[in-house]
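The values are calculated or read from the model by the stated rules, or taken from the named source; none is laboratory data. Keep in mind it's a predicted model, so treat the numbers as computed, not measured. All Cβ positions, even for glycine, are placed from backbone atoms using ideal geometry, and neighbour counts span all protein chains on display. In case anyone asks, the SASA skips ligands and DNA or RNA and just uses the protein heavy atoms, side chains included. Shrake-Rupley method; radii C 1.70, N 1.55, O 1.52, S 1.80 Å.
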Amino acid sequence: VFGGYTREKIALRRAIALGFDAQEGIRVLRNGRAIPAQTPIPPGIAGYDPELVTDAQRYDPAAARELLDRFGYKDRDGDGFREMPDGKPLVLKRATSPSALERQYDELWARNMTVVGLKTEMVIL
């Protein structure tokens, strides 16, 4: 559904990232005992640069919705969820496990993606 390097697929992946509230996940699911990722290299590992700050974890659902609109991911049938640019159904499937913590993450993902109009389905492994 979202693999590949076409402009609309890249936009979909970026919108998913913009639509996920990592800070809420840290606050609620990790009881505030975590730090948001700013780079691929975490603190305490050789190569970590505390001066390098990116917006990779920026939460901006309005920007996510705008990006999806711009690349043709629109709600064509009025159900509140977006379809693919070609009109086919768009459902993001997330692999999960049957644990209490994973259920909380699943609920956070589903809630965040619903805000930007993306339907999610959890698949228990």
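Comparing 26, 45, 16 in a Gaussian network model of the chain where C-alpha atoms under 10 Å apart are linked, the largest mean-square fluctuation is found at 45.
The candidates 39, 54, arranged from most to least accessible area with a 1.4 Å probe in the full protein assembly, appear as 54, 39. Taking the longest Cα principal axis of the chain as reference, the axis of helix 7-19 is set at about 60 degrees.
By the scheme Lys and Arg +1, Asp and Glu -1, what is the net charge of all other residues having a beta-carbon under 12 Å from that of residue 58? Taking every Cβ under 12 Å from that of residue 58, the sum is -2. For the chain, the solvent-accessible area works out to 63 Å² per residue, with a probe of 1.4 Å and every protein chain left in place. For residue 58, put the label point 7 Å out on the Cα→Cβ axis and report which residues of region 17-36 keep their amide N under 13 Å from it. Counting backbone N atoms under 13 Å from the label point, the list is 17-19.
Ligands, DNA and RNA aside, residue 84 has an accessible area near 30 Å² when probed at 1.4 Å. For the chain, the tally of Lys pairs with Cα-Cα distances below 13 Å comes to 4, considering only residues 8 or more apart or on different chains. Extension gain, residue 107-residue 91: 0.36 nm per intervening residue step, less the Cα-Cα distance, totals 4.2 nm. For region 75-92, putting each phi into the Karplus relation 6.51 cos²θ - 1.76 cosθ + 1.60 with θ = phi - 60° gives couplings of 7, 7, 9, x, 8, x, 10, 7, 10, 5, x, 8, x, 6, x, 10, 10, 8 Hz, in residue order, rounded to whole numbers and with x for Gly and Pro.
Close amide H partners of residue 94, meaning residues 5 or more places away or on another chain with modelled amide H under 5 Å apart, are 121, 122, 123. Ligands, DNA and RNA left out, the 1.4 Å accessible surface of the chain is 56% carbon and sulfur atoms.
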